[in-house]
Amino acid sequence: MHIWRILKFEKMVSPWLLQLLFWPAAAASIFFSAKLILDGYVIGWVPLVVGTLFVRVLFESLILRFRTYEKLQQIEKLLQRQERGG
């Protein structure tokens, strides 16, 4: 059942992919910061905090769009049931 919903674009794959891609993006931010710190740059702490936070906020905002769409679909289904009297 779920595979058909995915193939018919009724179920979105992007939120799952975004959650999966978040971790490499966060790791890249942390790795870049560690490299700067180990190379002696004091400013390396800035991307550690700001970069990691930015990655989190970016991915959350993208996922929020898909979750909003899913909730709107649920509301639509409930309204259709009410219209049919069920």
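Filtering region 2-17 for residues that are touching a Ser or Thr at 6+ places or on another chain (Cβ under 8 Å) and either assigned to a helix (DSSP H, G or I) or surrounded by 11 or more Cβ atoms within 10 Å (Cβ to Cβ) (or both) leaves an empty set.
Residues in region 57-78 that are over 17 Å from Glu10 (Cβ atoms) and either of a type in the set (Gly, Ala, Ser) or more than 25 Å from the chain's Cα centre (by Cα) (or both): Ser61 alone.
Report yes if Glu83 is of a type in the set (Asp, Glu) and either out of contact with any helix residue (DSSP H, G or I) (no Cβ under 9 Å at 6 or more places or on another chain) or not in a helix (DSSP H, G or I) (or both), otherwise no. Yes.
Among the residues of region 17-56, the ones that are under 22 Å from Arg67 (Cβ atoms) and aromatic (Phe, Trp, Tyr) come to 3 in all. Of all positions in region 24-39, at least one carries a residue that is in contact with a Leu (Cβ under 6 Å, 6 or more places away or on another chain), surrounded by 11 or more Cβ atoms within 10 Å (Cβ to Cβ) and in a helix (DSSP H, G or I). The number of residues in region 1-25 being among the aliphatic types (A, V, I, L, M) and closer than 21 Å to Ser61 by Cα comes to 7. For beta carbons closer than 6 Å, sequence separation of 6+ or different chains, a first residue in region 26-45 that is closer than 19 Å to Phe59 by Cα and touching a residue at least 60 places away in the same chain (Cβ under 8 Å) and a second that is of a type in the set (D, E, K, R) and part of a helix (DSSP H, G or I), there are no qualifying pairs. Within region 34-54, one or more residues are among the hydrophobic types (A, V, I, L, M, F, W, C) and either in contact with a Cys (Cβ under 7 Å, 6 or more places away or on another chain) or closer than 24 Å to Ser14 by Cα (or both).
Here, each number is a calculation from the coordinates, and none is a lab measurement. Being a predicted model, the structure only gives us computed values, none of them experimental. Counting neighbours? That spans all protein chains shown, and the Cβs are built from the backbone with ideal geometry, glycine included.
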